[in-house]
Amino acid sequence: MIRDNKQLTAEINRIAEVAGYLWEKGWAERNGGNISVNLTSRLTPEERTMPPLPHQTGISLQEPVNALQGEVFYVTGTGKRMRYVAKDPFDNGSLIRIAADGASYDMLAEKNIAPSSELPSHLLMHNYLKASGRQTNVVLHTHPTDLIGLTHCKPYLDSEKLTHLLWSMIPECRIIVPKGIGIVPYEIPGTLALAHATIKQLSRHDVVFWEKHGILAVGENIIECFDMIDTLSKSAQIFFSARAAGYEPEGMTNRQLEDLAEVFRL
Ligand code: 2HA
Ligand code: ZN
């Protein structure tokens, strides 16, 4: 029984915890957002080769993910709501295993819940990150109102400019999101075009803004992914609050930001 694995259950509980935060934050209207987590290292060799659900094998992927052969992921289900993932992750998501050819996957547990429409994109990102040697297990996508709001303003659709603006609102932002943010111009949700454009940004960043749609973060664990987005959102709120009060926030100076980089070895 897969739920007897304490390490796995702890990881799934963390996914549920974060799904709850996404809902509480107002970042997950209806079925907005999706999560995938590589759980392979949490499984015993026997669990890694567990039999698939009946008739749920060889589900093809649009593009192969050769760096992920045999790896097992938890993925939120298509059309499933984060507020329900929070309550019952196994009723609103599934475990899948990438086949030995890297071109298809099997459904493992526990129910036959079809994965998120963004699964092919998530897997391409996991594949890219693994092939680049990054210690990244998580891809988290969500819809934070304030950060999406910023992407509706053309002058901010510039990675350096927006990174500087958000960093300069609060010292933590510089520390918690040291690689800044990448920006992907609008693409239709769920498309591989969006995935490939995102992967380009992931070579330099852990957080990517999708114009007029949402945010994607990658990291070693899901709490760290949530924290990066939450800190960026805090910065955006400080910026908007100052603006709403009728003044332009001064922002930290370049010197102050450089001092942080030096002290925290960023
Ligand atoms: O899962 O957020 O981008 C719904 C979405 C698609
Ligand atoms: Zn989305």
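The values are calculated or read from the model by the stated rules, or taken from the named source; none is laboratory data. Keep in mind that this is a model prediction, so the values were computed, not measured. Every residue, glycine as well, gets a Cβ built from its backbone with ideal geometry; the counts of neighbours run over all protein chains shown.
Tabulated results
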| read-out | value |
| --- | --- |
| Some residue of the stretch 10-21 being within 16 Å of ligand 2 (Cβ to nearest atom), modelled with pLDDT of 95 or more and of a type outside the set (A, V, I, L, M) | no |
| From Thr191, Thr198, residue being among the hydroxyl-bearing types (Ser, Thr, Tyr), crowded, with 22+ Cβ neighbours inside 10 Å, closer than 24 Å to Val65 by Cα and within 16 Å of ligand 1 (Cβ to nearest atom) | Thr198 |
| Subset tally (residues that are in contact with a strand residue (DSSP E or B) (Cβ under 9 Å, 6 or more places away or on another chain) and free of Cβ contacts under 8 Å to residues at least 40 places away in the same chain) for the stretch 135-153 | 0 |
| Restricting the stretch 22-40 to residues that are free of Cβ contacts under 8 Å to residues at least 60 places away in the same chain and among the polar types (S, T, N, Q), the residue that is nearest to ligand 2 (Cβ to nearest atom) | Asn31 |
| Sole residue being in contact (Cβ under 8 Å) with a residue 40 or more places away in the chain and under 22 Å from Met1 (Cβ atoms), chosen from Ala99, Ala103, Ala109, Ala131 | Ala109 |
| Single condition His141 does not satisfy, out of (1) more than 16 Å from ligand 1 (Cβ to nearest atom); (2) surrounded by 24 or more Cβ atoms within 10 Å (Cβ to Cβ) | (1) |
| Glu63 being over 18 Å from Pro115 (Cα atoms), surrounded by fewer than 17 Cβ atoms within 10 Å (Cβ to Cβ) and out of contact with any Ser or Thr (no Cβ under 7 Å at 6 or more places or on another chain) | no |
| Sole exception among (1) under 22 Å from His141 (Cβ atoms); (2) surrounded by fewer than 21 Cβ atoms within 10 Å (Cβ to Cβ) for Ile98, by number | (2) |
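To keep it simple, each residue is scored yes or no on (1) within 14 Å of ligand 2 (Cβ to nearest atom); (2) of a type outside the set (Val, Ile, Thr); (3) closer than 24 Å to Arg30 by Cβ; (4) not in a helix (DSSP H, G or I).
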residue: Gly133; (1), (2), (3), (4): no, yes, no, yes
residue: Asp146; (1), (2), (3), (4): no, yes, yes, no
residue: Gly149; (1), (2), (3), (4): no, yes, yes, no
residue: Leu165; (1), (2), (3), (4): no, yes, no, no
residue: Pro178; (1), (2), (3), (4): no, yes, no, yes
residue: Gly182; (1), (2), (3), (4): no, yes, no, yes
residue: Leu194; (1), (2), (3), (4): yes, yes, yes, no
residue: Leu216; (1), (2), (3), (4): yes, yes, yes, yes
residue: Cys225; (1), (2), (3), (4): no, yes, yes, no
